[in-house]
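Here is the structure we will look at.
The values are calculated or read from the model by the stated rules, or taken from the named source; none is laboratory data. Remember, it's a predicted structure, so these values are computed and weren't measured experimentally. Please note: Cβ atoms are built from the backbone with ideal geometry, for glycine as well, and neighbour counts cover all protein chains shown.
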Amino acid sequence: MARAKKQGTAIGRPEALRRNGMADKLSELRPLVQNGTMIQREAARTLGVGRATIARMVAARKGIKNGALGALENSVIRLVAKGAP
């Protein structure tokens, strides 16, 4: 693995969103998911990826962080936006 890294070879599973043609399909579906016309599960089936991949894509577009710490940070941001003490 060290030699592969040294040579610049990609290690691990490729990201689903980097497959051929995925960017075009994604750009068509993103607005539909974001405005609620299409649910994430349906978009995931259309693209052949998991629902979590679509959720990450939507969250990244909105600037929302993933994970437990991200969820906590997002909650705090919402509270502050509402004017909570």
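Among the candidates P14, P85, which residue alone is modelled with pLDDT under 70 and assigned to a loop (DSSP other than H, G, I, E, B)?
Exactly one of P14, P85 is modelled with pLDDT under 70 and assigned to a loop (DSSP other than H, G, I, E, B), namely P85.
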Residue hits (the stretch 17-51; touching a helix residue (DSSP H, G or I) at 6+ places or on another chain (Cβ under 8 Å), part of a helix (DSSP H, G or I) and either loosely packed, with under 14 Cβ neighbours inside 10 Å or touching a residue at least 40 places away in the same chain (Cβ under 8 Å) (or both)) are L17, A23, Q34, R41
